[in-house]
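Report on one structure; see the data block that follows.
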Amino acid sequence: MDRIDEEILRLLKENGRMTSSEIGKQVHLSVPAVSERIRKLEDTGVIDRFTIRLNRDKRGLHLIAFIMVQLERPEHVEGFRETILQTDSVLECHHMAGSYDYMLKVALPGTRELEQLISHTIKQVAGVAKTNTMIVLSSMKEEM
């Protein structure tokens, strides 16, 4: 990857629907040259996929929270992971080093739904020892 590839990635991050022609004008390359670079970035896995970013507020998901989860034993991991993968409100799940095992990023309409998620979904999973929840007040930067 060179400086031009980095610029192409930056432009695509800003607008994934930007055409090769528009990109070419900004990086001073022909359309075929831009298309070939994008294809190589895809083939090498640098570009994992093209997707859309939904506006959570417009979808009524006004509350963002991070939930730290501690499991009692390693044998509870599989059941926990299955539950999390099936829970639509969980945007991200990260296995962590430290006093908690997992950190979840969730998006919900409000605190009532957050309480339901914690009390009736997460804490009902066998082996969940404790949770710690932090509610986001505002976000200055959030990238995919």
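The values are calculated or read from the model by the stated rules, or taken from the named source; none is laboratory data. Source: prediction; values computed, not measured. Methodologically, a virtual Cβ is constructed for each residue, glycine included, from the backbone with ideal geometry; neighbour enumeration extends over all protein chains shown.
Tallying residues that are buried (at least 16 other Cβ atoms within 10 Å of the Cβ) and outside any strand (DSSP E or B) within region 57-86 yields 5. Among the residues of region 46-65, is there at least one that is of a type in the set (Ser, Thr, Tyr) and either in contact with a Cys (Cβ under 8 Å, 6 or more places away or on another chain) or outside the structural domain of GLY127 (by TED's automatic domain parsing) (or both)? Checking region 46-65: at least one residue is of a type in the set (Ser, Thr, Tyr) and either in contact with a Cys (Cβ under 8 Å, 6 or more places away or on another chain) or outside the structural domain of GLY127 (by TED's automatic domain parsing) (or both).
Taking GLY98, is it surrounded by 12 or more Cβ atoms within 10 Å (Cβ to Cβ) and closer than 18 Å to ARG73 by Cα? Here the answer is no, as GLY98 does not meet what is asked.
Quick grid of which residues meet (1) under 30 Å from PRO109 (Cα atoms); (2) of a type in the set (A, V, I, L, M); (3) within 24 Å of the chain's Cα centre (by Cα):
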{"position": "ILE8", "(1), (2), (3)": "no, yes, yes"}
{"position": "ARG17", "(1), (2), (3)": "yes, no, yes"}
{"position": "GLY24", "(1), (2), (3)": "no, no, no"}
{"position": "HIS28", "(1), (2), (3)": "no, no, no"}
{"position": "PRO32", "(1), (2), (3)": "no, no, no"}
{"position": "ASP43", "(1), (2), (3)": "no, no, yes"}
{"position": "ARG49", "(1), (2), (3)": "yes, no, yes"}
{"position": "LYS58", "(1), (2), (3)": "yes, no, yes"}
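Please verify whether SER35 is surrounded by 15 or more Cβ atoms within 10 Å (Cβ to Cβ), closer than 30 Å to LEU11 by Cβ and not aliphatic (A, V, I, L, M), treating the condition exactly as stated. Considered against the rule, which asks whether it is surrounded by 15 or more Cβ atoms within 10 Å (Cβ to Cβ), closer than 30 Å to LEU11 by Cβ and not aliphatic (A, V, I, L, M), SER35 comes out as yes.
Residue count for region 39-70 satisfying the condition of being aliphatic (A, V, I, L, M) and in contact with a strand residue (DSSP E or B) (Cβ under 6 Å, 6 or more places away or on another chain): 7.
Let's see how each residue does on (1) in contact with a helix residue (DSSP H, G or I) (Cβ under 7 Å, 6 or more places away or on another chain); (2) modelled with pLDDT of 95 or more; (3) not hydroxyl-bearing (Ser, Thr, Tyr):
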{"site": "ASP5", "(1), (2), (3)": "yes, yes, yes"}
{"site": "GLY24", "(1), (2), (3)": "yes, yes, yes"}
{"site": "HIS28", "(1), (2), (3)": "no, yes, yes"}
{"site": "ASP57", "(1), (2), (3)": "no, no, yes"}
{"site": "VAL69", "(1), (2), (3)": "yes, yes, yes"}
{"site": "THR87", "(1), (2), (3)": "yes, yes, no"}
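When we screen LEU117, LEU91, LEU54 for residues that are surrounded by 10 or more Cβ atoms within 10 Å (Cβ to Cβ), part of a strand (DSSP E or B) and within 19 Å of the chain's Cα centre (by Cα), the only hit is LEU91.
Residues in region 14-24 that are part of a helix (DSSP H, G or I) and surrounded by 11 or more Cβ atoms within 10 Å (Cβ to Cβ): SER20, SER21, GLU22, ILE23, GLY24.
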